[in-house]
Amino acid sequence: MKRRGTPAIPADRMMPAEKRLIPPAWPGGRTAPPNREFRVIGKRNRKVEGLAKVTGRAIYADDIALPRMLHGKLLRSPHAHARIRSIDVSAARALPGVHAILTGRDLPEYFGIIPWTEDEQALCEEKARYVGDAVAAVAAESELIAEEALKRIRVEYETVPAITSIDEALEHPEIKVNEKAKEGNISKHVHLEFGDVEAELEKSDATIEAEYWYEGSTHAPIEPHCAIGDFDATGFLTLYSSTQVAHYLHRDLAKVLGLPTQRIRVIQPVVGGAFGGKSEPFSLEFCAAKLSMLTGRPVKILYTREEVFYAHRGRHPMRLRYRTGIKRDGTLTGVDAKIHIDGGAYSSFGLVTTYYSGQLLTAPYQMKAYRFDSTRVFTNKPCCGPKRGHGSVQPRFAFECQIDKLADAIGMDPIEVRRRNFLGEHTRTVNELRVTSNGFPQCLEAVERASDWKRKFRRMPYGHGVGVAGSMYISGTNYCIYPNEMPQSGVQLKLDRSGRATVFCGASDIGQGSDSVLAYIVAEELGLDIGDIRVVAADTDLTPVDLGSYSSRETFMVGNACLDAARKLRLMVAESLAERWGCRAEDVTLAGGVACSTRAPEKECMSVQSAFQLAEARHGTLGSVGWYQSPKLGGDYRGGTIGASPAYSFTAHVAEVECDPETGRVSVRKIWVAHDCGRALNPVAVEGQMEGSAYMGFAEAIFEEQLFKPEAPGHGAGLHHGPSLLDYRIPTSLDTPELESIIIESVDPEGPYGAKEAGEGPLHPSIPAIANAIYDALGVRCDRLPFDPPRVFRLLRSCDARAQWERARAHVHEAATGAQATAERSPSGTRAR
């Protein structure tokens, strides 16, 4: 399918003011009082839950102990691919202290986070598809008894040849990993073309074709997965879970357990990190609930660290081949991508991953024509899913390295190449994604200046270098995972006559600070102190639906819903005061615990508590609801809405490295991170997200590998190389480079106060910036992750790296000299293009 051109947004396709997602709350159609200064928004406030976490008062799932609670454990397959011939649980059932045992026959219903690819069972019924696939569950008086019971369960397996690589999956369709696959081992295939790619590549003055490998990695949150099921005598199920998608979990529990949705309550306690690893239902949640239904007692299941590694849903390994063209003036021409994705044994978010691997590459740069062919395959390994920056980190690595190679080919500074191809703002990409605000040029300028780029690039001694990269990312997805016309996020807001506000919202705070965003917005709109606001979140009985913490959606979507609710209440209070004082509602200010009129602030003034009481006397009990639903976005073609977002963030990084050419060791000294987040609602929180993202990108570049052994005694293929935090390499604080965060505020027209995402976008450029810096330092291209000493050492020994390093410097210096001479000959004295 072809789509040509990058037209600006036609006026008739812009969202009408009356359909904006924050209804007008002030006379004349304005959504906020005129000439208002922020008193909470944009300030360096504390997180509302921070004190409870650092003092140990925060309650995590494993802290919960209910009366008469049993403990559950899962039996997992030792084989990567095996049919289950029989399961004998009699010896386990006879063990004193064992109360219930489940096998796949007890939970036969298939589920999956994407409705069109439901291919998982809570426990395998007929076949195990990776080492660690769950086949049985036990509830007992203690974890020790449950573990002993697992040892007594006898499973008869018939092993099947295991598929452990992309090539094996493609070459052996007859060995089917997942029976739900329509064709061989293909999970999803997407082919999209926009414009005439071959014609554009023909026009190029230089073309680069290269293959890249992005190794898989896992999330490694501090808190393992945990769930407690509590099925009471009335037939009502309460499930506590360390999930980040309480609403989707609620739906799938009803489906798998055969219970009405109104008879289920999901509560998310405080979550100790997730990064995408808890953004879909897992076996433990269904098993804890079912075991509680069988025993009539609460059942807790806590994963061990090893089980977390096998539950996985982490970064997909990808093999990416790109052909990219450029003209001598630095203009990009055609981009052709062929991508193969190792998805593991199940679908998870794989349908979306396959689209994201191509759809999210088309900004921040203009492309004349673009084509991608992406194939996700099933393998007999733990299922991959969404890790921070879902689906787009891998292609961004490859493409930003391509841009660096193209810049080298024409002898142009890579920052200048990126500038010349800037997409613009309030426009559309080649694949018809709507872009509103865009601060990417300011990001480039900021990291160029902060890093002293012009003095360092191609001018540092051998072994030292700098590299640059850019990216964009979504601020929430355009649609709900299951199609419907209901709001994507809702908020209920209650004002008490005591002067306290309570916000009810289904948002999942996983450490990123979404609860705090709600409090900041209410404090700003209603003039309250942040400490006078209580946030009740992620409880499906008490809170309106929010779809969950994924795709960097919370600030934009939950924030807009909260702003809607808060401004409705603010208007009620302002109108009550205006009636008392004889002024206009828009002349009433609520700030710092005080309500006053701008006309006569010394005379017409009272506490916000008194103002609330006045409004309650006039209107009755004070409460409001707010909601957010994204506009219809995306291209008019199959898959055109996947990747569409109401706003995009933009990021640029410069990394500085020091490399040892004798050993291949790469030390990342510093990463400068400039991120366009729209408006920073809390700069310190945004900086924390930027630094956390850059840290994770650095970790994947230098350290992380989710590897599986080809053969192991008694197991065959598919055993994890080291499923523990001792063996899985992640950087400590001593390994981490200095990180400098630079906030760029483009103020988006549709974000809450102009805000966009900051939680995932800042990760993407770290990896290619480091790769490009290694080339500047050593003269070798690192096209495979991670950039560990053995791999870099082999690259250094495979070529004359020092000679390549010298040629790269000479090329840039010659080009710079030529450009200066041309500029001097130009009549205007300016640089000729």
**Study point:** Size of electric dipole in the chain: Cβ of Lys, Arg +1 and of Asp, Glu -1, about Cα centre, debye, nearest 20
**Key:** 920
Study note, to complete from the structure: Stretched fully, the stretch from GLU738 through LYS603 gains (0.36 nm per residue minus C-alpha distance, one decimal, in nm) 43.3 nm
Check your understanding: Which aspartates and glutamates have a Cα less than 17 Å from the Cα of LYS203, not counting those fewer than 8 places away in the same chain?
Key -> ASP329, ASP336
Check your understanding: Picking from SER292, GLY344, PHE282, whose Cα lies most toward the positive end of the charge dipole for segment 276-371 (charges on Cβ: Lys, Arg +1; Asp, Glu -1)?
Key -> GLY344
Study note, to complete from the structure: If R0 = 30 Å, then ASP800 and HIS721, at their Cβ-Cβ distance, give a FRET efficiency to the nearest 0.05 of 0.35
Review point. Any idea what diffusion coefficient segment 48-105 gets from Stokes-Einstein, in µm²/s, Kirkwood Rh on alpha carbon pairs, 25 °C, 0.890 mPa s?
Key: 155
Check your understanding: For the pair LYS53 and SER90, what calculated FRET efficiency results from E = 1/(1 + (r/R0)^6), where r is the Cβ-Cβ distance and R0 = 41 Å, to the nearest 0.05?
Key -> 0.35
Check your understanding: Where a Cα-Cα gap under 17 Å defines reach, which lysines qualify for LYS73, not counting those fewer than 8 residues away within the same chain?
Key -> LYS151, LYS290, LYS300
Check your understanding: So which helices of the chain fit the span-like rule, where a helix is a whole DSSP H run, its Cα atoms reach 27 Å or more along the axis, and its mean Kyte-Doolittle is at least -1.0?
Key -> 559-581, 683-702, 801-825
Review point. Just how large is the dipole of segment 325-384 about the Cα centre, in debye to the nearest 20, putting +1 at every Lys and Arg Cβ and -1 at every Asp and Glu Cβ?
Key: 120
Practice item. Of the options GLY112, HIS172, ALA810, report the single residue whose Cα projects farthest towards the positive end of the charge dipole of the chain (beta-carbon charges: Lys, Arg +1; Asp, Glu -1). Key: ALA810
Check your understanding: Considering only DSSP beta bridges whose two residues both sit in the chain, what percent are antiparallel, to the nearest 5?
Key -> 75
Study note, to complete from the structure: If the label point sits 7 Å along Cα→Cβ of ILE64, residues of segment 538-576 with amide N under 13 Å come out as 538-542
Review point. Pick the calculated percent of Cα pairs over 45 Å apart for this structure from (1) 32; (2) 59; (3) 29?
Key: (3)
Check your understanding: For the peptides 780-789, 614-623, 797-806, what is the packing order when you average, over each peptide's residues, the other Cβ atoms within 10 Å and list the highest mean first?
Key -> 780-789, 614-623, 797-806
Check your understanding: How large is the charge dipole for segment 179-305, taken about the Cα centre, if only the Cβ atoms of Lys, Arg (+1) and Asp, Glu (-1) carry charge, to the nearest 20 debye?
Key -> 1460
Practice item. Could you list the residues of segment 169-194 with an amide nitrogen less than 20 Å from a label point located 7 Å from the Cα of TRP116 in the Cα-to-C-beta direction? Key: 178-194
Exercise for review: Could you rank the peptides 47-59, 258-270 by their average count of other C-beta atoms within 10 Å per residue, with the highest value first?
Suggested key: 258-270, 47-59
Review point. Among residues other than CYS384 whose Cβ falls under 11 Å from its Cβ, what is the net charge (Lys/Arg +1, Asp/Glu -1)?
Key: +4
Review point. Arranged from highest to lowest average of other beta-carbon atoms within 10 Å per residue, in what order do the peptides 770-777, 404-411, 230-237, 337-344 appear?
Key: 770-777, 337-344, 404-411, 230-237
Exercise for review: Enumerate the lysines that LYS709 could reach by cross-link, defined here as Cα to Cα under 18 Å, with residues fewer than 8 away along the same chain left out.
Suggested key: LYS381
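Here, each number is a calculation from the coordinates, and none is a lab measurement. Source: prediction; values computed, not measured. In this analysis, Cβ positions are derived from the backbone assuming ideal geometry, glycine residues included, and neighbour counts consider all displayed protein chains.
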